[in-house]
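Take a look at the structure set out below.
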Amino acid sequence: MAGPSPSVAALGYVAASLTTLSFFPQAIKTLRSGDTSAISLRMYVLFTSGIALWGLYGLLTGDGPLIIANAITLVSAGLILERKARAVLSGRALRARARGR
């Protein structure tokens with residue numbers, strides 16, 4: 001089976017670029033401010049897992065736009081997820097210490 005036509009591939013790359021680029025302003029704002037209080041940990045775990053699975057699907061099917069877009073998004077989503085997880089864990093530790101006093 002032949003790959004998509006050049007115009008269909010271009011459409012995929014444009015779509016992948018737009019969705020990936022749309023994610024960056026919020027990611028940059030979150031990483032600069034360090035404020036993850038408005039972010040749901042569960043949502044980010046699901047989102048980051050979905051991005052990783054879409055990337056794997058892209059690898060298995062050889063879909064360039066899926067591979068590139070999801071690899072790029074996975075890095076920034078992973079960074080935000082790490083920050084959020086760290087904030088949640090430190091908040092739990094603070095609450096545990098406060099209860100112990």
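Just a few scattered comments:
- Averaged over residues, the count of other Cβ atoms within 10 Å places the peptides 22-32, 56-66 in the sequence 56-66, 22-32, highest first.
- Mean ellipticity per residue at 222 nm, deg cm²/dmol - from DSSP H runs of n ≥ 4 across the chain, formula -39500 (n - 2.57): -30500 deg cm²/dmol
- Formal net charge of residues neighbouring Val45 (Cβ-Cβ distance under 14 Å; K, R +1; D, E -1): +3
- When Cα extents along the principal axes in Å is calculated for this entry, the matching label among (1) 54, 29, 23; (2) 68, 25, 14; (3) 45, 33, 23 is (2).
- Other residues lying with their Cβ under 13 Å from the Cβ of Arg86 contribute a combined charge of +1, Lys and Arg counting +1, Asp and Glu -1.
- Nearest 10 degrees, 0 to 90: helix 41-61 Cα axis against the chain principal axis: 20 degrees
- With contacts taken as Cα pairs under 8 Å and at least 6 residues apart, the stretch 1-79 reaches a relative contact order of 38 percent.
- Top positive-direction residue, dipole computed over the chain with Cβ charges, set Met43, Ala87, Ala9: Ala87
Bear in mind that the values in this text are calculations on the coordinates, not laboratory data. Remember, predicted model here, so these are calculated numbers, not experimental data. Reconstructed Cβ throughout: ideal geometry from the backbone, glycine too, with neighbour counts over all protein chains shown.
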